[in-house]
Amino acid sequence: MTFVSTNYLLIVIIAVVLVLLVALFGFIQRRKRHTPQKSYSTLPHKAFQKGWILSGIDWQENTIHLAIDDTQLQEEKRGLTIGRTPELCEFVIDDESLSYRHARLIYIGDALYVEDVNSLNGTMVNDRILEPFKTTRLNSGKTLTLGDINLSITHV
């Protein structure tokens, strides 16, 4: 093979790769435009007496509002699970950065705690990575991060 044909082959390979990258970028942009926005909300139609609101936005700008009544949480001795599979979780967010079962919310005494259930992309509270199956207390004003989703925490 001569030097000229080697350069020509290299140019062809680079051109093909560039065309594939442009096509992939166009596909992603088209998919973003045509993906309808979702709203993940468990907010009750009427205000509950006392509880927690976890709210945020996912990477596709879908809104997330999870309302957790204190009574509901106290009745669930094992806690309430957040993840992306309805069969395994009480609170479902369809986002690929979340595991099928990602984290569990638990009431201990009069306080809300979170526990990562060995998720793939991890759980953080105020940018502190949680060890799997170790509980961490949540308070109003803190940020709970599940995978790529940031949720602000408010006690009402």
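Results, tabulated for the structure shown:
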| item | result |
| --- | --- |
| For the chain: accessible area per residue (Å², 1.4 Å) | 66 |
| Thr143/Asp94 FRET efficiency (R0 22 Å; Cβ-Cβ; nearest 0.05) | 0.55 |
| 0 to 90° range, to nearest 10: angle between helix 3-34 axis and the chain longest Cα axis | 30 |
| Leu151 long-range amide H proximity, modeled H, under 5 Å | Leu144, Thr145, Leu146 |
| Distant alpha-carbon pairs in the chain (separation over 23 angstrom), percent | 47 |
| Difference of contour (0.36 nm per residue) and Cα-Cα distance, Gln72 to Glu87 | 3.5 nm |
| Among Leu24, Gly122, Asn150 the positive-end extreme of the charge dipole of the chain (Cβ point charges) | Leu24 |
| Share of carbon and sulfur in the accessible heavy-atom surface of the range 54-116 [1.4 Å probe, %] | 44 |
| FRET E, pair Asp110, Trp59, Förster distance 35 Å, beta-carbon r, rounded to 0.05 | 0.55 |
| Student exercise, the range 63-156 dipole from Lys, Arg, Asp, Glu Cβ charges, in Debye to nearest 20 | 280 |
| Label-to-label distance, nm, for residues given as His155 and Val17 (7 Å Cα→Cβ offset) | 5.5 |
| Count of Lys pairs (Cα-Cα under 28 Å; at least 8 positions apart or interchain) in the chain | 11 |
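The values are calculated or read from the model by the stated rules, or taken from the named source; none is laboratory data. Computed from a predicted model, the values in this text were never measured in an experiment. For neighbour counting, all protein chains shown are included, and Cβ atoms are generated from backbone atoms with ideal geometry for every residue, glycine included. The area values use the complete protein model at the heavy-atom level, side chains included, leaving out ligands, DNA and RNA. Shrake-Rupley method; radii C 1.70, N 1.55, O 1.52, S 1.80 Å.
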